[in-house]
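Each remark here refers to the structure printed beneath this line.
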Amino acid sequence: MNRRRFLQAGSSLALTALASSHLAFGADAEIVLSPDKAGDVINPNIYGHFIEHLGGVIYDGVWVGRNSPIPNIDGIRKQFVDDMKVIAAPNLRWPGGCFADGYHWRDGIGKARPRTYNFWQRRMPAGTHATETNQFGIHEFMHLCRLIGAEPYVAANVGSSTPAEFHDWVSYCNAPAGTLTLADERAKNGDAQPFNIQYWGVGNESWGCGGMMRPEEYAQKYRQFVTQLPNYKEPFLVATGPRGHSADEDIGWTTGFFEGMRGSDPPNGFSIHFYTDLRPTPLKAADFNVPEWYEVLLRGVRIDRVITDHWQEMGKFDSKRRTKLVVDEWGVWYKPGEELTPSYILSQPITMRDAVHTGLTFDIFNRHADKIAMANVAQTVNCIHSLFLAHGDKFVRTPVYHVFDMYRVHMGAKQVPVSNPVAELNVPVLAGQGRLPGLSASASMRDRRLAVTMTNPSAESTLKTRLRISGGGRPTEARGTVLTHSDMRAGNTFSHPEEVKPSALTSTVVADGIEVVLPKNSVAVIECMLA
Ligand code: AHR
């Protein structure tokens, strides 16, 4: 089906471009890239991760134990490490989530580790239990980060702890051995070298499981927790931000927090949580129809507005922009009922719909490169929007994993402006109709290499797309990769681990651009050199 959606858009720029050059290809869509105007660096940390002591995330997902027959490195699942290295995972957030505000770090060090209460055990199905064994603590976490080459991002307990416990944890992690008693204790426990942790979350969801605080109460706590912080390593401190997926975006939290911080040093990062939250709907993760496909994507792209609105609100208090956004939980969250196994609460099947949602989200993050310092998918394995599903000796990469792999070209590259006049799609959703971007795209430049990622969110139509390069650059050596499937419900399972996988995407280099046909429900990346 040849949708001339771009012509329907009535853009004179678009009409001129089509008329002048590419009638033969018959493009449905044209985007214009301006590599000569490459600007902000896309922080690699935007492609970050999150693992929590919850269901099957840490225990089994990451940690299989030193005596396990499953291939492991000192107890850490080897396949997890290998695959995270492939996608150059830049960081790992840990130990929660809601778990963090009940966690006491001393329980996870030394030889004799206590069994303790885990926030999530109250949500476990009858007949299962989730007592925290504390086998995976700060030393194991740091070992994992080092194996992957990822920066640690540690969430401290504010909801049920004290500034002193936080400060001691920072000293334990970062003070050189031979200085503090705490540093010597760390060395005795196996790590003579300081961990040098830079990224610290000061609580998590302090408006909810992290303490049910009002924003001004949290601002006061925040100041108490950070004022005397030992600074062996200059910290990047992240304050708890809003529940961005609330109907009103929770702007009041942002206003209240920054009001409460007047006269104090602002945090380096301000967290936003944004779940595409389908829990209140009947939607299922693995089985859905076309309106349900679009419903998820439409709710997902709302994050664009949420980022803009909170950034604008922050600007009222922080004209120098000393605080950046940290989207440290994002993903599609379906209602319970499709778990990998009952005790792996919050695990869910992952399909092409979630992969396309990921592409749309990453394009939005890239376009907001000036605002976002970090983002963390919730969560990397066996939970919500996962890259991996693991159970015993079974392990599979989901379609979301492949999108992370395709987008890593942007990490640390300079963001390239994309003019995208492609008309919106009018799509059926749960209640009537909605409007979704007809094509999503973002681009970056590293040396002379241009990378363009694109998502065709249509469940029905291919999209003949022309990428026009303005400013005189001539593309050479283009190569492309696409992730798609004839069945929009397709995903990877333990029995069919390669059902959804990337394949080569044919593209044609023309004088001032590249032509490519994007299949329906697809995510694609094109890389080329500019002469
Ligand atoms: O990611 C699952 C949970 O979602 C986290 O623990 C919490 O921060 C959020 O509500």
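Quick look at the values:
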| quantity | calculated |
| --- | --- |
| Restricting region 269-304 to residues that are of a type in the set (Gly, Ala, Ser) and either without any contact (Cβ under 8 Å) to a residue 40 or more places away in the chain or within 27 Å of Val326 (Cα to Cα) (or both), the residue that is nearest to the ligand (Cβ to nearest atom) | Ser271 |
| Exclusive hit being away from the ligand (no atom under 16 Å from the Cβ), more than 18 Å from Phe50 (Cβ to Cβ), modelled with pLDDT of 95 or more and among the aliphatic types (A, V, I, L, M), set Ala150, Ala164 | Ala164 |
| Leading residue by the ranking (surrounded by the most Cβ atoms within 10 Å (Cβ to Cβ)) among those in region 490-531 that are in contact with a helix residue (DSSP H, G or I) (Cβ under 7 Å, 6 or more places away or on another chain) and closer than 23 Å to Glu460 by Cβ | Val523 |
| Checklist (1) assigned to a loop (DSSP other than H, G, I, E, B); (2) more than 23 Å from His273 (Cα to Cα) applied to Ala390, failing item | (1) |
| Output for region 404-428, where each listed residue is more than 25 Å from the chain's Cα centre (by Cα), in contact (Cβ under 8 Å) with a residue 40 or more places away in the chain and not in a loop (DSSP other than H, G, I, E, B) | Leu425, Val427, Pro428 |
| Looking only at region 192-209, and only at residues there that are closer than 19 Å to Leu180 by Cα and crowded, with 19+ Cβ neighbours inside 10 Å, the one that is nearest to the ligand (Cβ to nearest atom) | Ile197 |
| Test: residue in region 345-357 that is within 14 Å of the ligand (Cβ to nearest atom), surrounded by fewer than 24 Cβ atoms within 10 Å (Cβ to Cβ), closer than 24 Å to Tyr153 by Cα and assigned by TED's automatic domain parsing to the domain that holds Glu259 | yes |
| Region 75-108, residues that are assigned to a loop (DSSP other than H, G, I, E, B) and out of contact with any Asp or Glu (no Cβ under 8 Å at 6 or more places or on another chain) | Ala88, Ala89, Tyr103 |
| Members of region 429-447 found to be under 21 Å from Ala524 (Cβ atoms) and not in a strand (DSSP E or B), listed by number | Pro437, Gly438, Leu439 |
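The values are calculated or read from the model by the stated rules, or taken from the named source; none is laboratory data. Remember, it's a predicted structure, so these values are computed and weren't measured experimentally. Don't worry about glycine lacking a Cβ; one is built from the backbone with ideal geometry, like all the others, and counts go over all protein chains shown.
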